[in-house]
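This report refers to the structure that appears directly beneath it.
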Amino acid sequence: MAFLKLFLTFFVFFALRPALAFSQNDPELETETEAIAETEAAEEKEPEALYQSFVDSMKKIRLLQNYDEFFSAQHAAEQGRQLVNNANGKFQRRFYDRNLRLQKVEYWKQGASASQSEMEKLVEYNPPNASGVYSIFEKNNAEMFEKRTFYYSDGRLKSERVNHFDQDGNLLSFDVATVAYDADLRAVNERLQKYNSNEKGIKLFSDEIQSSKYKGKVLEESAYYKNNVLRVKTVYQDYDKGDYVKTMYFDGGIIVRDFYRNNVKIDTSIKGGGVQ
């Protein structure tokens, strides 16, 4: 019960703080601490219950406990809804607008008090713009990166950028991914560019492109380039049957071709580099 008391104290102070600030005259919220304390005493009489519920002065359930896991739902008319759950020393706060659309999620590592708790990750969901493109933003403090991803209204990836930081918050590197589609909404060009950043400026150090070519509705050819050098090319004689030739280009002029029938490799040839 010591952990439960610690969490409940922490929970009332931190998780309910926005609601308390918003509704200082709400009798439900003003008596929250007293009601939870009374329910905690009642909970000790029923240790075998699968879930223990904690109610406020209006007899509304505000907190559920299942062994070491906790769950709470909060509501403020102008701020939408907030869901909080805690398990194994970590908790999440989910924020919804008035139409129950998810706006953001906070991932926290619980400390002895609110001020000693650390937010490890933040994920924000941004609504579509005039073109129907929406985005998701993630800031990961634990792994020191942030990422913003753009999607079309049908869920297709448009672009993404990932920034990587050092311990002091300085930008070390970033990756930029883009996808181009044809008239049939098929990905025909996928590009990933990686950059280094330092006091001398920003430098591109890796550029990868995966392209696809279709004949009608059937994939005819695909190619992979690394820093503008063709590395892999696959030509399909019959895509549905799995009949194709994959050619790999290595440094030194070595070319390796693998021949497939029914998606099974049946032969290999090697040319160049003194090997015939």
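The figures follow:
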item: Any hit, the range 85-105, residues being under 25 Å from L192 (Cβ atoms) and surrounded by 15 or more Cβ atoms within 10 Å (Cβ to Cβ); result: no
item: Conditions (1) open to solvent by less than 80 Å² (accessible area, probe 1.4 Å); (2) at pLDDT below 95; (3) closer than 23 Å to Y181 by Cα; number of the one not met by V275; result: (3)
item: Residues of the range 231-272 satisfying the condition of being of a type in the set (S, T, Y) and either touching a residue at least 60 places away in the same chain (Cβ under 8 Å) or open to solvent by 100 Å² or more (accessible area, probe 1.4 Å) (or both); result: Y239
item: Filtered residue count, the range 169-185, keeping only those that are of a type outside the set (A, V, I, L, M, F, W, C), farther than 23 Å from L204 by Cα and in a loop (DSSP other than H, G, I, E, B); result: 2
item: Residue match in the range 106-113 (condition: in a strand (DSSP E or B), modelled with pLDDT under 80 and either more than 25 Å from M144 (Cβ to Cβ) or open to solvent by less than 60 Å² (accessible area, probe 1.4 Å) (or both)); result: no
item: Residue list for the range 209-230, restricted to those being open to solvent by less than 40 Å² (accessible area, probe 1.4 Å) and of a type in the set (V, I, T); result: I209
item: Subset of the range 158-198 (residues that are open to solvent by 60 Å² or more (accessible area, probe 1.4 Å), in contact with a Lys or Arg (Cβ under 7 Å, 6 or more places away or on another chain) and among the charged types (D, E, K, R)); result: R161
item: Complete set of residues in the range 241-257 that are assigned to a strand (DSSP E or B) and either within 36 Å of the chain's Cα centre (by Cα) or not basic (K, R) (or both); result: D243, Y244, V245, K246, T247, M248, Y249, I255, V256
item: Q167 touching a residue at least 12 places away in the same chain (Cβ under 8 Å) and under 18 Å from the mean Cα position of the chain (by Cα); result: no
item: Residue tally, condition touching a residue at least 24 places away in the same chain (Cβ under 8 Å) and open to solvent by less than 40 Å² (accessible area, probe 1.4 Å), over the range 114-148; result: 3
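The values are calculated or read from the model by the stated rules, or taken from the named source; none is laboratory data. Predicted model only: the values in this text are computed from it and were never measured. Cβ coordinates were reconstructed from backbone atoms using ideal geometry, including for glycine residues, and neighbour counts include every protein chain displayed. Side chains included, ligands, DNA and RNA excluded: accessible areas come from the protein's heavy atoms. Shrake-Rupley method; radii C 1.70, N 1.55, O 1.52, S 1.80 Å.
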